[in-house]
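Student: First the structure, which I've put down as structure tokens, then a few questions once you've had a look.
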Amino acid sequence: MTHSLSRRDFLRSSAGGGFALGSFLALGTDLRAAQAEVRSLKIANAREVPSVCPYCAVGCGQIVSVRDKKIINIEGNPESPISRGTLCPKGAATFQLAVNPLRITKVLYRAPRGTAWEEKPLDWAMDRIARLTKETRNRTFVEERDTDLSGQPLKGKDGKPTKKRVNHTLAIASLGGATMDNEWNYVQAKLMRALGVVYIENQARI
């Protein structure tokens, strides 16, 4: 026979459990030692690597436990000045992002007007990105302009038509993500500005 638990019974039981826990603490019983023991058993013989949550721009600290070159656990880092060991539900589920049989670990390429994805080597993809970036930049790079972006003539202080040196390309854009830290953003911005990219959006967080 199945016993159904009513909402009132659940709240009454929860209150009783909370009272019991409070009573233990009031009597001087510290449960932190037991919690630490359980945690040590879970990650025994593992190497702890400090990391940062890969999701939003808050930058909560994480501890990634690695054993035999495999991630076995990800949890909040209590030494993080940002999150003090806490993680939101999404951050707490980061393990499912890193260790997931559905995670794509190979380069997938779909040719223009193609309908199927092809597996490609990483070196092939990196070379293709570099080549297309260089080709696009060389084809669309502008040294001087005599009109603005709306097509209106540029004029000098004297009101006469003039040209301005711009050294830019409007055919490439750089969109940063919340997982980019200050160092990565610095290098990214340097590279994009050296190429003459105007449309740059970064989300530095650390």
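Student: Please work out which residue is surrounded by the most Cβ atoms within 10 Å (Cβ to Cβ), limiting yourself to region 147-187 and to residues that are touching a residue at least 24 places away in the same chain (Cβ under 8 Å) and under 18 Å from CYS56 (Cα atoms). Can you show your working first?
Tutor: Let us first name the residues in region 147-187 that are touching a residue at least 24 places away in the same chain (Cβ under 8 Å), namely 166-182.
After this cut, where a residue has to be under 18 Å from CYS56 (Cα atoms) as well, the list is 175-182.
Details: LEU175: 9, GLY176: 16, GLY177: 13, ALA178: 15, THR179: 16, MET180: 18, ASP181: 12, ASN182: 10.
By that ranking, first place goes to MET180.
Student: Tell me yes or no: at least one residue of region 137-153 is assigned to a helix (DSSP H, G or I) and not basic (Lys, Arg). Even if it seems obvious, please write down each step before you answer.
Tutor: Step one: filter region 137-153 for residues assigned to a helix (DSSP H, G or I), giving 137-140.
Still in the running and not basic (Lys, Arg): 138, 140.
Yes: region 137-153 contains one or more residues that are assigned to a helix (DSSP H, G or I) and not basic (Lys, Arg).
Student: Residues being out of contact with any Leu (no Cβ under 9 Å at 6 or more places or on another chain), surrounded by 17 or more Cβ atoms within 10 Å (Cβ to Cβ) and at pLDDT below 90: count how many of those fall in region 190-206.
Tutor: The qualifying residues number 2.
Student: Could we say that GLY28 is modelled with pLDDT under 80, in a helix (DSSP H, G or I) and more than 37 Å from the chain's Cα centre (by Cα) here? If you could, list the steps in order and put the result at the bottom.
Tutor: Details: modelled with pLDDT under 80: yes; in a helix (DSSP H, G or I): no; more than 37 Å from the chain's Cα centre (by Cα): yes.
Here the answer is no, as GLY28 does not meet what is asked.
Student: Examine region 130-143 for a residue that is in contact with a helix residue (DSSP H, G or I) (Cβ under 8 Å, 6 or more places away or on another chain), of a type in the set (D, E, K, R) and modelled with pLDDT of 95 or more, and state whether such a residue exists.
Tutor: To start, the set of residues in region 130-143 that are in contact with a helix residue (DSSP H, G or I) (Cβ under 8 Å, 6 or more places away or on another chain) comprises 133, 137.
This time we only want the ones that are of a type in the set (D, E, K, R), so: 137.
Retained after the next criterion (residues that are modelled with pLDDT of 95 or more): 137.
For region 130-143, residues in contact with a helix residue (DSSP H, G or I) (Cβ under 8 Å, 6 or more places away or on another chain), of a type in the set (D, E, K, R) and modelled with pLDDT of 95 or more: present.
Student: Same structure, new question: Condition first: outside any helix (DSSP H, G or I) and under 13 Å from THR169 (Cβ atoms). Now tell me which residues in region 104-136 satisfy that. Break it down stepwise before answering.
Tutor: Step one: filter region 104-136 for residues outside any helix (DSSP H, G or I), giving 104-121.
Correct list: empty.
The values are calculated or read from the model by the stated rules, or taken from the named source; none is laboratory data. Note that this is a predicted model, so its numbers are computed, not measured. Glycine also receives a Cβ, built like all others from the backbone with ideal geometry; neighbour counts cover every protein chain displayed.
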